[in-house]
1. Could you tell me whether segment B:37-52 includes any residue that is of a type in the set (V, I, T), under 30 Å from A:Q51 (Cβ atoms) and surrounded by fewer than 21 Cβ atoms within 10 Å (Cβ to Cβ)?
2. From the list A:K38, A:K108, which residue is under 12 Å from the mean Cα position of the chain (by Cα) and within 29 Å of B:V50 (Cα to Cα)?
3. Please enumerate the residues belonging to segment B:20-40 that are farther than 21 Å from A:Q99 by Cβ, assigned to a loop (DSSP other than H, G, I, E, B) and either within 14 Å of another protein chain (Cβ to nearest Cβ) or free of Cβ contacts under 8 Å to residues at least 12 places away in the same chain (or both).
4. Looking only at segment A:1-46, which residues are surrounded by 16 or more Cβ atoms within 10 Å (Cβ to Cβ), within 11 Å of chain B (Cβ to nearest Cβ) and touching a Lys or Arg at 6+ places or on another chain (Cβ under 8 Å)?
5. Looking only at residues that are touching a Gly at 6+ places or on another chain (Cβ under 9 Å) and modelled with pLDDT under 95 in segment B:49-90, which one is nearest to the other protein chains (Cβ to nearest Cβ)?
6. Those residues that are closer than 22 Å to B:G42 by Cα, outside any strand (DSSP E or B) and under 14 Å from the mean Cα position of the chain (by Cα), I need them from segment B:55-85; list them, please.
7. Determine whether A:K100 is in contact with a Gly (Cβ under 7 Å, 6 or more places away or on another chain), within 14 Å of chain B (Cβ to nearest Cβ) and closer than 24 Å to B:R36 by Cβ.
8. Does segment A:85-93 include one or more residues that are more than 14 Å from chain B (Cβ to nearest Cβ) and surrounded by 13 or more Cβ atoms within 10 Å (Cβ to Cβ)?
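The values are calculated or read from the model by the stated rules, or taken from the named source; none is laboratory data. A quick note: this is a predicted structure, and the numbers were derived from the prediction, not measured. Counting neighbours? That spans all protein chains shown, and the Cβs are built from the backbone with ideal geometry, glycine included.
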Amino acid sequence: AQTVTQSQPEMSVQEAETVTLSCTYDTSESDYYLFWYKQPPSRQMILVIRQEAYKQQNATENRFSVNFQKAAKSFSLKISDSQLGDAAMYFCAFRAWGQKVTFGTGTKLQVIP
Amino acid sequence: NAGVTQTPKFQVLKTGQSMTLQCAQDMNHEYMSWYRQDPGMGLRLIHYSVGAGITDQGEVPNGYNVSRSTTEDFPLRLLSAAPSQTSVYFCASSANREGAEQYFGPGTRLTVT
């Protein structure tokens, strides 16, 4: 069974600064996807970014990028130029073919003006 | 498209009562799932389905039943509500491939007294 671990229950960042959220996972699969989802106070879950395990290049979406280290089974999310609207819970998730989606316990990000 | 809809948004039950949380999607997604979200515990998978007529248990299935008679609908039944089932419940759907984005409903806040 896959496990996803987010070891930082809470993080804070100054507005306009950069923050990195950590995620590690455990799997015996070789082909899979990793995701970061954002849950703002509205509770609506939104996909932030995804990474395919076979792609060596780290995914990037505007101010959001990942550092994917397959051998270390690490998948961190970097948020650059943090904005007040980035304040939210962030969940890391894993999915391999034919398997259910596994989520981590989440990191609550606070953005300080 | 309405996306993923959940009803009701809020519900209060007495211990021992039963009820059904409704979930529907109009995106023709094969994969549907139910999660509960509790503080500090992230999203825990209750049940999931990879297609009509197929369901499977997640991490925390006890006290809940599901069925999937159509592609669109995936109701979650609480058989005999307990205070430990007080939580926020999310339904999600996606295409049944590992890289597919999960689309979440707005959630149901359930309180069992």
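1. Within segment B:37-52, one or more residues are of a type in the set (V, I, T), under 30 Å from A:Q51 (Cβ atoms) and surrounded by fewer than 21 Cβ atoms within 10 Å (Cβ to Cβ).
2. A:K38
3. Matches in segment B:20-40: B:P39, B:G40.
4. Hits for segment A:1-46 are A:Y32, A:Y33, A:L34, A:F35, A:M45.
5. B:V50
6. B:G58, B:E59, B:V60, B:P61, B:N62, B:G63, B:F74, B:P75, B:Q85, listed by residue number.
7. yes
8. Checked segment A:85-93: at least one residue is more than 14 Å from chain B (Cβ to nearest Cβ) and surrounded by 13 or more Cβ atoms within 10 Å (Cβ to Cβ).
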